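This report refers to the structure that appears directly beneath it.
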Protein chains: 2
Amino acid sequence: MSRQAGHEPAGAGGQGDGKGRRMYRVLVVDDEPQIVKALVINLRARAYEVDAAHDGAAALRVAAARHPDVVVLDLGLPDMDGVEVIRGLRGWTRVPIIVLSARHASDEKVDALDAGADDYVTKPFGMDELLARLRAAVRRAAPSGPDDDASAVETETFTVDLAARKVHRGGADVRLTPTEWHLLEVLVRNPGRLVSQKQLLQEVWGPAYGTETNYLRVYMAQLRRKLEADPARPRHFITEPGMGYRFEA
Amino acid sequence: MSRQAGHEPAGAGGQGDGKGRRMYRVLVVDDEPQIVKALVINLRARAYEVDAAHDGAAALRVAAARHPDVVVLDLGLPDMDGVEVIRGLRGWTRVPIIVLSARHASDEKVDALDAGADDYVTKPFGMDELLARLRAAVRRAAPSGPDDDASAVETETFTVDLAARKVHRGGADVRLTPTEWHLLEVLVRNPGRLVSQKQLLQEVWGPAYGTETNYLRVYMAQLRRKLEADPARPRHFITEPGMGYRFEA
DNA sequence: GGACACCTTGACGCCGTCTTGACGCGGAAA
DNA sequence: TTTCCGCGTCAAGACGGCGTCAAGGTGTCC
């Protein structure tokens, strides 16, 4: 048995990577310039977008304006209590909040966490650890997103819902076999781009199938018959002779 | 026989009265009896349901059987590396994981967090702090659980009340076995979406049951017999051959 | 101890899907 | 113009998944 039938992308995580990873935006709130600086440098180096605020009022303002994906918040701010900042944010957003603080006291932590913080790191902190906690916070918040991101791709004649694994055409659902769906998925996840024959074969049929181009011809024909308005004159599944295929919306 | 038959204790632990606060279930994993004891006492006092496991294998087994709302995991287990336990859980569930560890080393924390842990607490820890972090984890996870969203789903022939754990059909309640209910629940919580065979098997039977598709066939048949108007021609529990099943309202 | 409900497991027939080969067409190279 | 290769199309057969049924095993409640 060369290939397995059930080639689902191991469940969950699957559909993230199709479209390039977006930049995550971090809001850093601290009144100590050297800490802000260190964080900004480290975060930018890891391809985060970073905004900074040095007091609570600015933090709330920037958060409202920029909608960060995660907030790193020092509790010792000059103008207002850190817990107040947390409450101010929680009034309207669930953005993950990672608290930084020099206080080790247990009830400080409890107060901050119960006010709505997601994590609490005491200074001095290891940059590696903070970054790992930040990744955890972002990862946790992400799953709400991917469903909406690129879940639906539309053309004039049909609609592909990647999350629900559904294809809609003219008021009815189109039934696709696993292989048909898999092929469609690879193409649709690379809209407008040429996908080589080898890549299609290997992604759908497995690494051993780099040259069986007749498979592609058969299944491309089926996709066109089910989805194209005029299968003989395809407008969305374009053949690039000798190279591969391209999906056009 | 890795799994015990009845996970959901019939009426017991389940989310009780429609709106009221349901009991949260915590899985405590640690090989030091005194720590387990302390945690169990403190958690039970705060109205959590608590399960305990003293090694990694038991942890994975109990998690699969009991579906806790949060896992407190000691990294220093006798039988396997704690990070492996995290990976084992993350293979099929997003349940929040709070790691306990005596190790303060930064890279230990980074490894655990990147493997999928949500929080990392070093021993010795303050019980207040741990409980606050636990509350934060539960609070964060709650909104994602569509428990409240669509607590009742209707079709032409039957009604599913997710909160009350009841299925109504033609003026009478339909009696479902625990496994039948669990399967129905997973499908109904993803209306219109294709749920892969592997996901169904792992969510209902546990992470080790990714390939026993005959279970699915048997239980899907039972669900259809009890709920479909014409079980031979299902309108709500749709088979997507080779891929999975889909619930349509 | 017995009755019962539930879960597991195997067997079997049907049907859809995948594979495979053959054929015609058209464009590019010779 | 001829030749050749790649592509689209079609059809037939093999294969495996799915629905169905029934028996065996296990735990629970009375």
## Note on the structure
Scanning region A:229-249 residue by residue, the ones that are under 20 Å from A:ALA152 (Cβ atoms) and within 9 Å of DNA strand D (Cβ to nearest atom) total 1
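Only one residue in A:ASP119, A:ASP107, A:ASP114 is within 14 Å of chain B (Cβ to nearest Cβ), within 20 Å of B:VAL138 (Cα to Cα) and buried (at least 20 other Cβ atoms within 10 Å of the Cβ). Which one? Break it down into steps so the answer makes sense when it comes.
On the way: A:ASP107 fails: buried (at least 20 other Cβ atoms within 10 Å of the Cβ); A:ASP114 fails: buried (at least 20 other Cβ atoms within 10 Å of the Cβ).
Result of the check over A:ASP119, A:ASP107, A:ASP114: A:ASP119.
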### Query
Just to be sure, is A:GLU156 out of contact with any His (no Cβ under 7 Å at 6 or more places or on another chain) and within 12 Å of DNA strand C (Cβ to nearest atom)?
no
### Task
Please name all residue pairs, on different chains or six or more residues apart, with Cβ atoms under 6 Å, provided the first residue is in region B:118-131 and is more than 19 Å from A:ILE97 (Cβ to Cβ) and in the same structural domain as B:GLY82 (by TED's automatic domain parsing) and the second residue is of a type outside the set (A, V, I, L, M) and part of a loop (DSSP other than H, G, I, E, B).
B:THR122/B:HIS104
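Of the residues A:ALA152, A:ALA172, A:ALA141, which single one is surrounded by 18 or more Cβ atoms within 10 Å (Cβ to Cβ), of a type in the set (A, V, I, L, M, F, W, C), within 14 Å of chain B (Cβ to nearest Cβ) and away from DNA strand D (no atom under 16 Å from the Cβ)? I'd like the intermediate steps shown before the answer.
On the way: A:ALA152 fails: surrounded by 18 or more Cβ atoms within 10 Å (Cβ to Cβ); A:ALA172 fails: surrounded by 18 or more Cβ atoms within 10 Å (Cβ to Cβ).
The match here is A:ALA141.
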### Message
Give me the residue from region A:203-229 that is small (Gly, Ala, Ser) and over 21 Å from A:ALA172 (Cα atoms) and, out of that set, surrounded by the most Cβ atoms within 10 Å (Cβ to Cβ).
### Response
A:GLY210
### Query
Give me the pairs: first residue in region B:204-227 and away from every other protein chain (no Cβ under 14 Å) and free of Cβ contacts under 8 Å to residues at least 40 places away in the same chain, second residue near DNA strand D (Cβ under 10 Å from one of its atoms) and of a type in the set (A, V, I, L, M, F, W, C), beta-carbon distance under 6 Å, and six or more apart or on different chains, which are they?
B:ARG224/B:PHE237
### Message
Restricting to region B:35-54, name every residue that is of a type in the set (A, V, I, L, M) and either assigned to a strand (DSSP E or B) or surrounded by fewer than 16 Cβ atoms within 10 Å (Cβ to Cβ) (or both).
### Response
B:ALA38, B:ILE41, B:ALA45, B:ALA47, B:VAL50, B:ALA52, B:ALA53
### Task
Please verify whether region A:187-196 includes one or more residues that are among the basic types (Lys, Arg) and within 13 Å of DNA strand D (Cβ to nearest atom).
no
### Only listed residue being near DNA strand C (Cβ under 9 Å from one of its atoms) and assigned by TED's automatic domain parsing to the domain that holds A:PHE158, chosen from A:THR239, A:THR213, A:THR179
A:THR179
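Can you find a residue in region B:61-80 that is within 16 Å of DNA strand D (Cβ to nearest atom), in contact with an Asp or Glu (Cβ under 6 Å, 6 or more places away or on another chain) and modelled with pLDDT under 95?
Start the filter on region B:61-80 by keeping residues that are within 16 Å of DNA strand D (Cβ to nearest atom), which leaves B:61-62, B:65-66.
Narrowing further to those that are in contact with an Asp or Glu (Cβ under 6 Å, 6 or more places away or on another chain): B:62, B:66.
Right, trim to modelled with pLDDT under 95 and you get B:62, B:66.
Looking for residues that are within 16 Å of DNA strand D (Cβ to nearest atom), in contact with an Asp or Glu (Cβ under 6 Å, 6 or more places away or on another chain) and modelled with pLDDT under 95, one finds at least one in region B:61-80, hence yes.
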### Query
Of the residues A:LEU162, A:LEU223, which is within 16 Å of DNA strand D (Cβ to nearest atom) and either farther than 17 Å from B:LEU194 by Cβ or of a type in the set (A, V, I, L, M) (or both)?
A:LEU223
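The values are calculated or read from the model by the stated rules, or taken from the named source; none is laboratory data. Since the structure is predicted, the reported quantities are computational estimates derived from the model, not experimental observations. No Cβ is skipped: glycine too gets one built from the backbone with ideal geometry, and neighbour counts run over all protein chains shown.
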